Each structure stands twice: as C-alpha cells, then as structure tokens.
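Input: a single structure, listed below in structure tokens.
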Amino acid sequence: MRFAPPPTTTPHLPGRRKVVLFAYMLSQGGTDRVTALLARGYADAGFDVELLVLCRGGTAQSLLSDMLGPAVSVRFISQQSTWRTFDLLRLMPALVRALRAAEPDVLISTANNTAWICTAARKFAQIEKAKLVLKTTNPVVGSRHRGPVRKLRLWGYGKAFSCASAIWTLSEAETTMLKAAYPQAARRVRTVINPYVTDAMLAPDGSSASATAPPLILGIGRLTRQKRFDLLIRAFARVQRTDARLIILGDGSDRKRLEQLVRSLGLTARVTLPGYVSDVAGWLKRANLFILPSRYEGLPAVALEAMAANCPVLSTDCFASARALLRMAPGCGIIEKADPLNLAQLIDSRLEGERPTTLRAIAQGHSVTGGIADHVKALCALWEGEGACRPDAR
C-alpha cells in the first residue's frame, strides 16, 4: 500500500509531545527504512513527529517518503549532499536553527553517524530540556578502528553518551558490550527491538525455492567495501554446483569493480547485479541460500527478512548477536573463516541440505508491529516518574 507523500511542513500542535528524528539522508540502507517506520509509528501513536533530514537526494527518498504518511512533518536542511563528514560540519548552523524552530521534547539520533552532530546541535541550540536519544546502529568501535582513531571514537561516543537521556541498542549482546565499555552510562542503555519484518514477509504465500530449479544464492546490500561482495563472488567461482546462480541486489560505489571481477572470473552467465530493489521478499522466498559476507553490521534487517522467508542464512561474525541468532537456527551458520575456498565449501554443504521450515518463527520477534510498539514503550520510559506517558502530556 502506498501513502500520499507527506507535506513539507506540518503545523506544530500545542500541548502534544514533539518527537524529532534526525537522519543524514533517506538512502537504501536498512537504518533509513527503520527511521521512516518509526516516524510513522510515533505519529500513529499520537505524538507530534518531525523528521529532519540533513541532505535531500537519497536513493530511497521517494519510497520512504511515501511510507511516512501525512501526519509526519519532513524538513530537508540542504538540497544537496557532498561528502558526509563535510556535510555534517558545514550544515551544523542550519541544523541548530532547525532544532530551535522545532522545539522538540525528544531528539532522536537515528544512526551512529548522526550521534555526535545531534549531541552538539542540541547544545548549541540551547534546547537541553529536550531529551536526547542515541540509537546505535553499528558497533561504536570495531576491529577496523585502531590506534588514535579507536581512542578518539571511544572518547567521542563517551562524551555523547554522557549527554543522552537514553542509548538504544539493537540487541542484548550489544547492550552488554556498551555497558561494559561505558559503565557510567550503563543505566541509560537498553535494547529496543527494531521494526524489520512486515506482516507480508511473515505471511506464507506458497511460493518457495523449487526443488528442480537451479540453486539460487542471494546477496543483498549496498555495493560498498563494507559489504565485501568481492569475497562472495570469488567464493561462488569455486562452488561445485555449476548450475547455481548468484544474484546480488543493491547499488553503490563498488559496482564497476564488482562487475569487472565477475567478467574476469568468467561468471557473466551465472552472476547478476540487477541494482537496487525496494522489495526483496519475493527474491528471498525463491532463494536457496542468503549470504551476508560483511565486515561489520549493526543488526542487519536483511538477515531477519531472509529468515522470515525460511531462507537459510550464512553470515560472517559481523554483528554482535550473529552467533546467538544463527548458531541454533536450522540451515544457518557462521562463516568462521572469510576466504573464498572456505565459503565455497560452506555454500556447497548448505545447498545439499533441505530448506528449513521454522526460521519464520525466529524472524517474528522482529516484526514491524512489535518493533514499533517496543520503541513507543522505550519513548514512554523517558518520562517514567513524571506521570503517564501520553502524547498530549507536555
């Protein structure tokens, strides 16, 4: 179902609690889709909601705008983007002015990459009475962060967390890690379920991978080095099932490099990169195996969407709850050694097994309905001890 695009501005209704969500762009990433779902969910719950977007022109802007509905006010601070770090700095004055005008009761940073600017802009706008919520969507530090960069990130997030009323994580594993790293902020850290899996994804429709069709292996995500699709393509070249096909859905800066790799390995007849697809549910229902070879992730929505389709998942140990989610799930597993030969052997092994039938029950724990309800509950907890949580109780 498509909703009418939201108006550019919506008058603020006096007396209603004002929730402002801040995002860099409305792009094809799962984080931005979650942001749109949450904005719509808070509006449906009766809050006065504004979505502040730093730069216009994201790849999924039209699609996500349709998801928001007329009750969500959307404001684009800049009509164009350059380089993200530069944008965050050059547009700080405009963001400060927008926050002063919005007068939020709550300001929500929707991703790691906006945590620092939200913290600073709230201070410069002199709206410290507004409660600050920081959502962590990736590990604040990882194996790629070393030396001074690692120390700077640990220090910087520590400063931001000290200003926050709440820090919302994607999993219990990440909550445990953050509480250990930042004990002074531990009481403000809580796990909040993200809305990932739609009712349509969870509804069985009879379509599934055919036992007689050539095996279909699926990769989904932005074509960037973080996603490491070059590893998947090199592994696929070694897969013994020569009738198998690999399809990678998504777009990004690595497209030309990956297409050249496909040609150099002689795989043009068996590997396809169709580009960005807004609805991947049908692909996942037809696939025999979904592979997530990323270097790092937060809690990847696409892995849960695959499980909703009863499509088995192979993933690197790239997110905090990867082992807890996949270790006991039928047909799923962790890629312990991220090299082409090992991954090819894992693919061949999984293609020999039967398609699972019980993964959908795991994915149901991250339904859109449940995720939005959990976020409304977490928002209400900010006013604990100040009376009942009512959208109109300012």
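Summary of computed values
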| item | result |
| --- | --- |
| Filter pass, L273 being within 23 Å of the chain's Cα centre (by Cα), assigned by TED's automatic domain parsing to the domain that holds R360, at pLDDT 95 or above and in a strand (DSSP E or B) | yes |
| Candidates G365, G298, filtered to the one that is of a type outside the set (D, E) and assigned to a helix (DSSP H, G or I) | G365 |
| Hits in the range 109-134 - residues which are touching a residue at least 40 places away in the same chain (Cβ under 8 Å) and in a strand (DSSP E or B) | S109, K131, V133 |
| Yes/no for Q80 being over 22 Å from the mean Cα position of the chain (by Cα) and modelled with pLDDT under 95 | yes |
| Residue check, T119 assigned by TED's automatic domain parsing to the domain that holds W83, hydroxyl-bearing (S, T, Y) and under 22 Å from A36 (Cβ atoms) | no |
| Selected residue (criterion: modelled with the highest pLDDT) from residues of the range 193-233 that are β-branched (V, I, T) and surrounded by fewer than 20 Cβ atoms within 10 Å (Cβ to Cβ) | T224 |
| Where a residue in the range 178-189 is over 16 Å from W168 (Cβ atoms) and not assigned by TED's automatic domain parsing to the domain that holds C163 and its partner, wherever it lies, is surrounded by fewer than 17 Cβ atoms within 10 Å (Cβ to Cβ) and modelled with pLDDT of 95 or more, with Cβ under 6 Å and at least six apart | none |
| Filtered residues of the range 307-324 (kept if without any contact (Cβ under 8 Å) to a residue 40 or more places away in the chain and part of a helix (DSSP H, G or I)) | A322, R323 |
| Residue identified as touching a His at 6+ places or on another chain (Cβ under 8 Å) and assigned by TED's automatic domain parsing to the domain that holds R234 among L304, L325 | L304 |
| Verdict on A287 being without any contact (Cβ under 8 Å) to a residue 60 or more places away in the chain and crowded, with 24+ Cβ neighbours inside 10 Å | no |
| Test: residue in the range 284-294 that is more than 22 Å from D32 (Cβ to Cβ), at pLDDT below 95 and not in a loop (DSSP other than H, G, I, E, B) | yes |
| Long-range neighbours under 7 Å by Cβ, at least six apart or interchain, first residue surrounded by fewer than 24 Cβ atoms within 10 Å (Cβ to Cβ) within the range 158-170, second among the charged types (D, E, K, R) | A164/R188; S165/K131; S165/R188; A166/R188; A166/R190 |
| Residue among R153, R222, R257 that alone is over 22 Å from F319 (Cα atoms) and not in a strand (DSSP E or B) | R257 |
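Here's the yes/no breakdown for (1) assigned to a helix (DSSP H, G or I); (2) in the same structural domain as L170 (by TED's automatic domain parsing); (3) at pLDDT 95 or above:
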site: S27; (1), (2), (3): no, yes, no
site: R33; (1), (2), (3): yes, yes, no
site: A43; (1), (2), (3): yes, yes, yes
site: L52; (1), (2), (3): no, yes, yes
site: M67; (1), (2), (3): yes, yes, no
site: L95; (1), (2), (3): yes, yes, yes
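The values are calculated or read from the model by the stated rules, or taken from the named source; none is laboratory data. This is a predicted model, so every value here is computed, not measured. FYI the Cβ positions are ideal-geometry reconstructions off the backbone, even for glycines, and counts take in every protein chain you see.
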